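The values are calculated or read from the model by the stated rules, or taken from the named source; none is laboratory data. Just so it is clear, the model here is predicted, and its values are computed rather than measured. Heads up, the Cβs are rebuilt from the backbone with ideal geometry, glycines too, and the neighbour counts pull from every protein chain shown.
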Amino acid sequence: MIVTVTLNAALDVTYQVDRVDWNGVNRVRAVHRRAGGKGVNVARVLAALGHDVLVTGLAGGPTGQAVTADLTAAGLPHALTSIAGDSRTTLAVTGEDTTLFNEPGPEVTGEELARFADAYDGLLADADAVVISGSLPRGVPDDFYATLAARAGEHGVPAIVDADGEPLRHAPAGRPAIIKPNLDELTRAFPARTPLESAAELMREAGAGAVVVSMGADGLLAVTGEGRWRARMPYRVEGNPTGAGDALVAGLALGVVAGTPWPERLALAAALGAAAVARPVAGEIDHQTFLTVQRDIDVS
């Protein structure tokens with residue numbers, strides 16, 4: 001079983017439009033409302049591939065109830081810790097491009113966070129891997145992802161961390177198996193003009209087992225204890241990039257659990273990311289795109 005952690009769970013709303021007129025009225029062709037947050041999206045992809053998952057995190061208020069109800073309707077097992085604050089809503093407007101509006105999320109108390117941590121510890125006994133990803137709601141310490149990764153390590157469970165800002169900077173201290181920033185996130189974490197591979201190596205030296213950097217259509221860079229690899233995409237997949245990184249993380253988690261060699265692991269992860277772009281809503285993958293792209297990804 002792969003456990004995913006989404007501390008800032010959300011109700012994701014996606015508007016599909018032909019184009020956006022920021023000074024006028026816009027007609028929406030389709031609306032999608034579903035439980036979201038990065039860990040939830042990871043779990044959806046894993047479940048679609050037939051793997052056992054458990055969604056954990058925090059949820060509260062009417063929005064949190066909607067999140068929980070959607071997870072149940074989707075058949076996604078979940079064990080969300082209830083909080084008093086109302087969970088957030090995110091809005092994605094997809095037309096010629098994709099624009100995101102992400103609310104900050106609720107205020108979390110120390111008692112609520114402690115209840116989650118206790119529940120999390122109890123779940124690690126049955127976990128093969130844990131994915132810790134997304135933004136932190138207010139009131140959660142910046143080093144909490146590092147704490148969760150370290151607790152997983154104490155149980156012999158490999159952790160994958162996908163974060164930004166201060167949580168990303170703190171993450172190596174928890175000695176996760178993999179840290180997965182995107183290019184912009186890694187760039188912001190280090191002084192200007194730090195070479196990409198050097199920044200990834202510095203994160204490894206600080207405690208991460210491996211660092212995998214997602215670079216959109218330019219593929220992936222992996223800096224690991226076994227070597228360095230680049231995964232190059234055969235062509236650009238057009239669509240909605242929201243959730244592509246989460247699908248990619250799902251592939252990395254599968255590779256960690258199966259113990260597959262890094263080149264195969266990266267090809268799987270990159271193909272899943274591309275397959276997510278081909279779908280209009282985060283948390284879904286286009287299986288035909290996945291099969292087609294994976295054959296032609298170059299990893300060297």
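Scoring N182 on the criteria (1) more than 24 Å from P77 (Cβ to Cβ); (2) without any contact (Cβ under 8 Å) to a residue 40 or more places away in the chain leaves a single failure, condition (2). If the condition is being β-branched (V, I, T) and either at pLDDT below 90 or over 18 Å from V5 (Cα atoms) (or both), then the range 91-117 contributes V93, T94, T98, T99. If the condition is being of a type in the set (V, I, T), assigned to a helix (DSSP H, G or I) and surrounded by fewer than 18 Cβ atoms within 10 Å (Cβ to Cβ), then the range 218-265 contributes only V257. Of all residues in the range 179-216, those being of a type in the set (G, A, S) and under 24 Å from T260 (Cβ atoms) number 7. Considering (1) within 12 Å of the chain's Cα centre (by Cα); (2) within 26 Å of A271 (Cβ to Cβ), the lone condition that L7 does not fulfil carries the number (2).
Filtering the range 51-74 for residues that are of a type in the set (D, E, K, R), within 15 Å of T4 (Cα to Cα) and touching a residue at least 40 places away in the same chain (Cβ under 8 Å) leaves a non-empty set.
Please state which one of F190, F290 is over 20 Å from I2 (Cβ atoms) and of a type in the set (F, W, Y).
Only one candidate qualifies: F190.
Within the range 192-212, the residues that satisfy the criterion of being in a helix (DSSP H, G or I) and surrounded by 15 or more Cβ atoms within 10 Å (Cβ to Cβ) are L196, A199, A200, E201, L202, M203, R204. The residues in the range 264-300 that are out of contact with any Leu (no Cβ under 7 Å at 6 or more places or on another chain) and under 15 Å from R44 (Cα atoms) can be counted, and the count is 11. The set of residues in the range 102-122 being of a type in the set (D, E, K, R) and surrounded by 13 or more Cβ atoms within 10 Å (Cβ to Cβ) consists of E103, E107, E112, R115, D121. When T89, T99, T63, T81 are screened for being surrounded by fewer than 24 Cβ atoms within 10 Å (Cβ to Cβ) and in a helix (DSSP H, G or I), only T63 passes. Among the residues making up the range 170-191, those that are surrounded by 24 or more Cβ atoms within 10 Å (Cβ to Cβ) and part of a loop (DSSP other than H, G, I, E, B) are P176, K180, P181.
Figure legend. Inter-residue proximity from the range 131-147: first residues touching a residue at least 12 places away in the same chain (Cβ under 8 Å) and under 18 Å from L252 (Cα atoms), second residues surrounded by 20 or more Cβ atoms within 10 Å (Cβ to Cβ) and among the aromatic types (F, W, Y), beta-carbon distance below 8 Å, spacing 6+ or different chains. Indicated pairs: I132/Y145.
Output the residues belonging to the range 150-169 that are free of Cβ contacts under 8 Å to residues at least 60 places away in the same chain, within 15 Å of the chain's Cα centre (by Cα) and buried (at least 21 other Cβ atoms within 10 Å of the Cβ). Once the filter is applied, which keeps residues that are free of Cβ contacts under 8 Å to residues at least 60 places away in the same chain, within 15 Å of the chain's Cα centre (by Cα) and buried (at least 21 other Cβ atoms within 10 Å of the Cβ), the range 150-169 yields A159, V161, A163, P167, L168. Taken over the range 74-119, residues that are within 15 Å of S135 (Cα to Cα) and aromatic (F, W, Y) amount to 1. Of all the residues in the range 47-64, those that are among the polar types (S, T, N, Q) and more than 13 Å from A79 (Cα to Cα) number 1.
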